[in-house]
Each structure stands twice: as structure tokens, then as C-alpha cells.
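Can you keep this structure in mind? I'll have questions shortly.
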Amino acid sequence: MGLKQPTSPVLAKGTFCHTALERIFDLDTNDRTLHNLQNLFRQSWSEQRNSTTYANLFNNDVDATLSEATWGKQGLALLENYWNLEDASTVVRPNPVQRETWVLARLSRKRTADNNNNVKADDDDPRDSILVRGIIDRLDMVRSDDDGNVALRLIDYKSGKAPHLKYSDSMNAKIRKEAFEQLYIYALLLREGRSNP
């Protein structure tokens, strides 16, 4: 119906962190520093803060305790956490191959697997399928350690809280699996969308 909810500070923080992470790869490798990544966050916020989408972000009663300065510091801390996981200066060209890539595919509800575990749709009737789409944050080309073949690595930035792995081994395994479900869906969309545009 085209109805949109107002942007929340949490969603806005994720948006501007994603923007900074996308733009860092426009810089030369030597210029990809944490300082520059955080400045890209500041710059993108500065460009958008007075737009109709964000102008009243901190003038509401949803979270009166959250100031713009505190919000900004939280965003910078998220980017520092990212940097501790992956130093963007170590990502060498041609990577990232793609950034902010839309993927979509019509997935049939009726699917079968042959003897080689190749899955295919039973019926191409659009009434028996559903259109699924999403945005992959980053695609890198990597060489597989197993066989040396080139493969695509899907990267999805997360700005929410990390899952708590404080339970039994089986429960922690379930939590890990659920945390990666979105990537599994993106991989399926990438595969199916390329074979069935």
C-alpha cells in the first residue's frame, strides 16, 4: 500500500553505517582507514540530516534520552567494531565486485531434487511461485581453499546486536544457523535469479 513508518534512530544508524561501508571502497586502498570510514558516516549524516526523512529524528517522544551526539557516537562505535573484524584496506581489487546489489527471483513452491541434489522447480506457473527480493551489501570474488575454484562471497553488514551464544551447544548452533538464514536466502536468490531472470 506504500505506507511507510517514520524512520527511527536505530534504522537511521544502520542506514548511515551501511552508506559509509559502501563508500569506503570508492577510496584507494591506502586511504581506507577507520578515521576515513567514520568521516564517511559523519559526511553522509551531514548531507541528509535536514531532509524530510531525518529532520525530526531527535525531536520526538520515542526516546527522549537519546541525543544526536550519543546516536552519532554509537554509529562510530559500530564502524569501529566492523573495522576490528575486517580492515577495509586489506580488501584488494577487484573486490568488492558489487555493492548494494538487488537480487530477485521467482521461487516455485513445488521443487524437487534429482539424484545429484540439483534442485529445480516442478512448475513454472507464476501462480505456484512467489517473488522474493533483497539487497546484498557486498559481493567479493574469492578463491576456495577446498578446490581453488573462484567463488562469490556474500557479505551482509549487521548493525544490530550480536547473538548471545551462552546456551547449550545445540541451542548455540540453532542461534548461529538462524543468524545466517538471510545469507542463505540471498545465495539462493543469486543462484536462481541468474538462471531464471
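FYI, it's all coordinate maths here, none of it is from the lab. Quick caveat: nothing in here was measured; it's all calculated off a predicted structure. No Cβ is skipped: glycine too gets one built from the backbone with ideal geometry, and neighbour counts run over all protein chains shown.
Treating only the Cβ atoms of Lys and Arg (+1) and Asp and Glu (-1) as charged, compute the dipole magnitude of the chain about its Cα centre; round to the nearest 20 debye.
Working: 27 positive and 28 negative charges, 64 e Å.
That gives a dipole near 300 debye.
Using a Gaussian network model of the chain whose springs link C-alpha atoms within less than 10 Å, name the residue from 109, 153, 138 with the highest mean-square fluctuation.
The residue with the greatest mean-square fluctuation here is 109.
Would you check the chain for Lys pairs whose C-alpha atoms are within less than 19 Å, ignoring same-chain pairs closer than 8 in sequence, and give me the count?
Lysine pairs, 8 or more places apart or on different chains, close enough: 13.
Rank 5, 75, 15 by how far each Cα sits towards the positive end of the charge dipole of the chain (+1 on Lys, Arg Cβ; -1 on Asp, Glu Cβ) and give me just the farthest.
Looking along the dipole axis, the top candidate is 5.
Among residues other than residue 91 whose Cβ falls under 14 Å from its Cβ, what is the net charge (Lys/Arg +1, Asp/Glu -1)? Could the numbers behind the result be given before it?
Working: positive: 23, 32, 93, 99, 138, 153; negative: 22, 26, 28, 31, 86, 87, 137, 140.
Value of the local net charge: -2.
Rank by packing, highest mean first: peptides 76-85, 143-152, 43-52, 166-175, with packing defined as the count of other Cβ atoms within 10 Å averaged across residues. Working shown, then result.
On the way: 76-85: 15.1, 143-152: 8.9, 43-52: 13.0, 166-175: 10.6.
Those peptides, ordered most packed to least, come out 76-85, 43-52, 166-175, 143-152.
So what's the Cα pair-distance distribution over the chain, bin width 5 Å, in %?
Pair shares across the bins are 1, 6, 11, 14, 15, 16, 14, 10, 7, 4, 1, 0.
To the nearest 20 Debye, how big is the dipole of the range 1-86 about its Cα centre, given +1 on the beta carbon of each Lys and Arg and -1 on that of each Asp and Glu? Let's see the in-between values first.
Numbers: 7 positive and 10 negative charges, 36 e Å.
My answer is approximately 180 debye.
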